[in-house]
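Okay, so here's the structure we're looking at.
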Amino acid sequence: MAETAETEVVDGRRARSERSKQAIIDASLALMEEGNLIPTAQQISDRAGVGIRSFFRHFEDMDTLFATIDEQIRDNAEALFLGGDRDGSLEERILHAVERRADGYEIESNMILSTAAQLWRSKTLQKNYARYQRGLRKDLDDWLPELKQLNRSEREAVDAIASFEMWHRLRYHQGLGKQSAIDVVVGMLGSLIDD
């Protein structure tokens with residue numbers, strides 16, 4: 001009987017610990033999605049409703065938190081960009097590829113900006129960002145096999161045009177609406193790949 005009670009206490013502590021850890025992850029994501037691109041451990045702890053010591057019991061540093069968040073959201077984040085109708089003419093496939101990326105960029109905008117803002121200090125974010133970039137490049141090759149015919153500088157230009165950085169520039173710095181930004185990217189890609 002005492003052993004059962006002891007097991008229940010341990011299981012209860014473990015469950016509370018897991019809830020606390022998940023609250024920290026959820027708070028981090030919420031802060032970044034709301035535009036706090038570089039939340040501190042204290043801000044995250046406050047938002048999660050846990051003490052700062054609890055934060056560091058679960059995550060020895062911010063890199064550990066970033067790795068855990070990436071593991072948790074990777075499949076959903078990648079799914080935003082993968083898939084879609086890859087049939088049709090070159091023009092149709094360019095349009096569909098750009099629309100797919102535009103939707104993903106719109107949803108993940110603050111997460112991507114947060115990552116970019118912290119790349120300088122995080123090996124984990126550098127590694128994850130590079131992995132995502134390789135995946136986006138490979139995915140574009142799948143959408144557009146015609147890219148194999150381009151020379152190296154043209155192929156690099158395609159990635160620059162289709163990048164989040166270009167998307168963000170068009171949407172934020174140049175103030176274009178989503179459809180106008182899609183039209184610009186489609187036009188640039190079409191003129192580069194059609195040549």
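The values are calculated or read from the model by the stated rules, or taken from the named source; none is laboratory data. Source: prediction; values computed, not measured. All Cβ positions, even for glycine, are placed from backbone atoms using ideal geometry, and neighbour counts span all protein chains on display.
Computed quantities for the displayed model
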| item | result |
| --- | --- |
| Any chance residue 109 is surrounded by fewer than 13 Cβ atoms within 10 Å (Cβ to Cβ) and either polar (S, T, N, Q) or outside any helix (DSSP H, G or I) (or both) | no |
| Filter pass, residue 98 being surrounded by 13 or more Cβ atoms within 10 Å (Cβ to Cβ), assigned to a loop (DSSP other than H, G, I, E, B), in contact (Cβ under 8 Å) with a residue 24 or more places away in the chain and in contact with a helix residue (DSSP H, G or I) (Cβ under 9 Å, 6 or more places away or on another chain) | no |
| Some residue of the stretch 48-67 being in contact with a helix residue (DSSP H, G or I) (Cβ under 6 Å, 6 or more places away or on another chain) and under 30 Å from residue 142 (Cβ atoms) | yes |
| Residue among 147, 170 that is free of Cβ contacts under 8 Å to residues at least 24 places away in the same chain, among the aliphatic types (A, V, I, L, M), buried (at least 18 other Cβ atoms within 10 Å of the Cβ) and closer than 23 Å to residue 78 by Cα | 170 |
| Residue tally, condition aliphatic (A, V, I, L, M), assigned to a loop (DSSP other than H, G, I, E, B) and surrounded by 15 or more Cβ atoms within 10 Å (Cβ to Cβ), over the stretch 22-68 | 2 |
| Filter result for residue 182 (under 23 Å from residue 95 (Cβ atoms), out of contact with any strand residue (DSSP E or B) (no Cβ under 6 Å at 6 or more places or on another chain) and in contact (Cβ under 8 Å) with a residue 60 or more places away in the chain) | yes |
| Only one of 49, 104, 135, 84 that is within 26 Å of residue 175 (Cα to Cα) and either free of Cβ contacts under 8 Å to residues at least 24 places away in the same chain or not basic (Lys, Arg) (or both) | 104 |
| Residue check, residue 72 assigned to a helix (DSSP H, G or I) and at pLDDT 95 or above | no |
